[in-house]
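**Student:** Input: one structure, supplied below.
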Amino acid sequence: MPPILVNRPVRMKYLNIVVPIWNVEDAVNVMQESGAIHIVKKGKGIEKYRKLYRKVVETKEMINKILENYAKGRVLDASLTRLELETLKIDDIYNEVIKLYREITLLEDQASKLELISRELKEKISVLSMLEPSITIDKVYYNGRLLSVFTVYGTIDQINSFLKLCTTSRKTIYPLCSSSRENFVIYSFAYTGGLGDIKPLIDSCGLHLLDLSEFVGEAATVGEVLELMNKRLNEVASKLSELRERAKRIVEENLDYLAKYLLFIENIYNRLSGLMSSLSSKYLMLLSGWIPADRIGYLESLFRERRIPFYLEARDPVKGVDKPPTLLRNPRVIKWFEPIVKFIGAPNYWEWDPTPVIAYSFAFFYGVMLGDMGYAIAIILSAIYLLDKFVADPTNRDYVFFKKAIISSSIIGFIIGFLSGSFLGDTLQLFGIRYSFTNVFTDPLQFLILAILIGLVHVNLSHALTLVKAWRNRSIGDVLSEIGLFVTEAFGIPYVLYSMLNTPIPGVPSYMYTYFLYGAFAGIAILIAGTVKNMGGLGFLMWLFGITGLLGDVLSYSRLAGVGLATIYLAKSFNAIAIISYHGLSGIAPVIGVVVGGLVALFVAVFGHIVNTALSALGSFIHSLRLCFVEFLSKFYEGTGYMFEPFKIVLKRKIVIE
């Protein structure tokens, strides 16, 4: 029987497969091809597989590092044929990759050295540019045994500290020239001694020594030194660019191979990581994991076809002990809404999968709040032709399902708009087309009443599921609380309608409403008993939040009317502004006014409806999620599971380098 409100995750078995150690690789291949086992057991492996695993990991890291450094942002279409999958060898790939990696690393090391030289040259040029170009180099730098000239740069405080330290250390220095820029100072000094004697004092003050030793003899003035430095800087920049271009060219020439190797390595990595998570004895290997109960026979047939000796045992999971992965299996249209449920969390194996009821609820709420044929068509076309451009992998299963969920929900919005005669607001009426099958979605009071009724049904459905869950879990307090709420509603709502809103229920005599009041008090008593059962003495106070929470949840559904009417009124407002713009401008001049007014009106209408389309899509989506998650799922849904991820061979996928 197909699921109506909730579904159950696919039934799982905990599987142990024992194979001879020499058949381990064949067994893993079979499990990969079956795509049916979620390996979880960890243990020792075989040493040769450990070595192979380390080699695979190293190769994978080298490829990823190359791609991250030289192909960042690229999307590579990597694919493997069955022949390549069978003929490629990890040792050959490892040798090619490590050769390429070493070559690129060597170029990177050379580039790093050049970058260091470039930074040093730029710093020297910046500092030396503060001095007059005509100053001779011997007044800036000279290193003799009995006399030396040196130039230091830093902050004023550092220079002052240096001068004090020289005085304290009885080092005789003579200022030659200086220059400053804000708090930055450059000073040249003559010193009766060698540079090696004064350098410790320079370093201790945090000053930098301007070393021009390589330019002594090649330049006579500061200006000539700057020319040589700039020339050398250009040479370094040219070599640096050449090295980077060479490394980039090498990677570009091997990019397709690297992507193919990465895909191959990842498949082996997945297989080996599973193999490394197994238990081993001297002659046997034990592989353990989760498998859908209906796939065990298929896996056994694969082992028999490959003539692999095996022993297989499967057991049901134990609640409270095991945490099986979750595999969802919903009907075609309903499964499109699985990504919506995953927004709050995947269902754990022991709870319901609420995808069916969320599919109906989300699509209906979205459609009611959208409620316009024009905007529904725009959202459908945007989802089909534009949405793919904003995602890295348009073939992702969850993304494809999400897109179909939005399209199907927009179709509901189109139907609502068709029933109320709404196309871009009142655009049809402006062209003389007037019809409406119902005024519920355009009349504020009727729409609000409908929204409250929808909320009452939806919230009570949530509490009904909560009651069933509490009954199954033998939670007496929760059972009493939910029953108390239902009894209070069943008797309290008719009483409130009659006594406060003067709206009697047809066929119910007036004297019965007194008994309804007693029934409501009985429901409150049951609710208090359940709350006290759960919370102890505090329950005598907290029961009230059960009723106010129910009222708040139901009233929250008024957002259906609010967002739905906002869409219509905004559309009508933009149409009205467009018409006013046209009439206002067309009266200025007979022809030009009409043309200009028409263009302005068209711009206002198009821009306004584009904005309203975006607001409607976003608002309908967010508020539908809110109603499904906060007002509905929060009552009974935990969402603490993790998805079933079987061994499988990936022969084609997009590799997105972040």
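**Student:** Please go through the range 542-588 and give me each residue that is in contact with a Gly (Cβ under 6 Å, 6 or more places away or on another chain) and under 30 Å from residue 477 (Cα atoms), ordered by number.
**Tutor:** Those that are in contact with a Gly (Cβ under 6 Å, 6 or more places away or on another chain) and under 30 Å from residue 477 (Cα atoms): 554, 557.
**Student:** Given the options 449, 416, 412, 433, name the one that is of a type outside the set (D, E, K, R) and under 19 Å from residue 334 (Cβ atoms). Step through it out loud before you land on a result.
**Tutor:** Values: 449 fails: under 19 Å from residue 334 (Cβ atoms); 416 fails: under 19 Å from residue 334 (Cβ atoms); 433 fails: under 19 Å from residue 334 (Cβ atoms).
Only one candidate passes the filter, namely 412.
**Student:** Quick one: is residue 121 part of a helix (DSSP H, G or I) and touching a residue at least 40 places away in the same chain (Cβ under 8 Å)? So that I can check it myself, show each step before the final result.
**Tutor:** Values: part of a helix (DSSP H, G or I): yes; touching a residue at least 40 places away in the same chain (Cβ under 8 Å): yes.
So residue 121 passes the test.
For every residue, the table says whether it meets (1) on the phi > 0 side of the Ramachandran plot; (2) in contact with a Ser or Thr (Cβ under 7 Å, 6 or more places away or on another chain); (3) of a type in the set (Val, Ile, Thr).
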position	(1), (2), (3)
539	no, yes, no
549	no, no, no
559	no, no, no
565	no, no, no
579	no, no, yes
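**Student:** Quick check on residue 522: is it under 30 Å from residue 473 (Cα atoms), assigned by TED's automatic domain parsing to the domain that holds residue 440, in contact with a Ser or Thr (Cβ under 9 Å, 6 or more places away or on another chain) and modelled with pLDDT of 90 or more? Give the derivation first.
**Tutor:** Numbers: under 30 Å from residue 473 (Cα atoms): yes; assigned by TED's automatic domain parsing to the domain that holds residue 440: yes; in contact with a Ser or Thr (Cβ under 9 Å, 6 or more places away or on another chain): yes; modelled with pLDDT of 90 or more: yes.
It is true that residue 522 is under 30 Å from residue 473 (Cα atoms), assigned by TED's automatic domain parsing to the domain that holds residue 440, in contact with a Ser or Thr (Cβ under 9 Å, 6 or more places away or on another chain) and modelled with pLDDT of 90 or more.
For every residue, the table says whether it meets (1) within 30 Å of residue 615 (Cα to Cα); (2) among the polar types (S, T, N, Q); (3) in contact with a Cys (Cβ under 8 Å, 6 or more places away or on another chain).
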{"residue": "463", "(1), (2), (3)": "no, no, no"}
{"residue": "499", "(1), (2), (3)": "no, yes, no"}
{"residue": "521", "(1), (2), (3)": "no, no, no"}
{"residue": "562", "(1), (2), (3)": "yes, no, no"}
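**Student:** Suppose the filter is on the phi > 0 side of the Ramachandran plot, in the same structural domain as residue 625 (by TED's automatic domain parsing), surrounded by fewer than 19 Cβ atoms within 10 Å (Cβ to Cβ) and of a type outside the set (Val, Ile, Thr); does residue 320 pass it? Walk me through how you get there before you give the answer.
**Tutor:** Details: on the phi > 0 side of the Ramachandran plot: yes; in the same structural domain as residue 625 (by TED's automatic domain parsing): no; surrounded by fewer than 19 Cβ atoms within 10 Å (Cβ to Cβ): yes; of a type outside the set (Val, Ile, Thr): yes.
The answer is no for residue 320.
**Student:** Moving on. Looking at the structure I just gave you, is residue 294 within 30 Å of residue 399 (Cα to Cα), in contact (Cβ under 8 Å) with a residue 40 or more places away in the chain and exposed (fewer than 13 other Cβ atoms within 10 Å of the Cβ)? Walk me through it before giving the result.
**Tutor:** Numbers: within 30 Å of residue 399 (Cα to Cα): yes; in contact (Cβ under 8 Å) with a residue 40 or more places away in the chain: yes; exposed (fewer than 13 other Cβ atoms within 10 Å of the Cβ): yes.
Yes, satisfied.
**Student:** Taking the range 323-379 on its own, how many of its residues are under 20 Å from residue 8 (Cβ atoms) and assigned to a loop (DSSP other than H, G, I, E, B)?
**Tutor:** So the answer is 20.
**Student:** Being in the same structural domain as residue 226 (by TED's automatic domain parsing) and either more than 57 Å from the chain's Cα centre (by Cα) or over 21 Å from residue 221 (Cβ atoms) (or both) narrows it down to one residue among 163, 131; which is it?
**Tutor:** Checking each option against the conditions leaves just 163.
**Student:** Go through the range 555-573 and give me each residue that's over 32 Å from the mean Cα position of the chain (by Cα) and either crowded, with 21+ Cβ neighbours inside 10 Å or at pLDDT below 90 (or both).
**Tutor:** Across the range 555-573, the qualifying residues are 568, 571.
**Student:** Name every residue in the range 307-322 that is within 23 Å of residue 14 (Cβ to Cβ), out of contact with any Pro (no Cβ under 8 Å at 6 or more places or on another chain) and in a loop (DSSP other than H, G, I, E, B), in order of residue number. Working first, answer last.
**Tutor:** Let us first name the residues in the range 307-322 that are within 23 Å of residue 14 (Cβ to Cβ), namely 308-322.
Within this subset, residues satisfying the condition of being out of contact with any Pro (no Cβ under 8 Å at 6 or more places or on another chain) are 308, 310-316, 318-322.
Within the range 307-322, 308, 310, 316, 318, 319, 320, 321, 322 qualify.
**Student:** Another one. Could you please let me know if residue 100 is surrounded by 14 or more Cβ atoms within 10 Å (Cβ to Cβ), assigned by TED's automatic domain parsing to the domain that holds residue 232 and in contact with a helix residue (DSSP H, G or I) (Cβ under 8 Å, 6 or more places away or on another chain)? Working first, answer last.
**Tutor:** On the way: surrounded by 14 or more Cβ atoms within 10 Å (Cβ to Cβ): yes; assigned by TED's automatic domain parsing to the domain that holds residue 232: no; in contact with a helix residue (DSSP H, G or I) (Cβ under 8 Å, 6 or more places away or on another chain): yes.
So residue 100 fails the test.
Listed here are the residues, each with its yes/no results for (1) of a type in the set (A, V, I, L, M); (2) farther than 30 Å from residue 371 by Cβ; (3) touching a helix residue (DSSP H, G or I) at 6+ places or on another chain (Cβ under 7 Å).
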| residue | (1), (2), (3) |
| --- | --- |
| 476 | yes, yes, yes |
| 488 | no, yes, yes |
| 507 | no, yes, no |
| 531 | no, yes, yes |
| 543 | no, yes, yes |
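**Student:** Which of the residues that make up the range 1-34 are farther than 24 Å from residue 323 by Cα and either touching a strand residue (DSSP E or B) at 6+ places or on another chain (Cβ under 7 Å) or in a strand (DSSP E or B) (or both)?
**Tutor:** 19, 20, 21, 24, 27
**Student:** Name the single residue, out of those in the range 343-396 being farther than 26 Å from residue 326 by Cα and touching a Lys or Arg at 6+ places or on another chain (Cβ under 7 Å), that is surrounded by the most Cβ atoms within 10 Å (Cβ to Cβ).
**Tutor:** Per the criteria, the residue is 383.
The values are calculated or read from the model by the stated rules, or taken from the named source; none is laboratory data. Source: prediction; values computed, not measured. In this analysis, Cβ positions are derived from the backbone assuming ideal geometry, glycine residues included, and neighbour counts consider all displayed protein chains.
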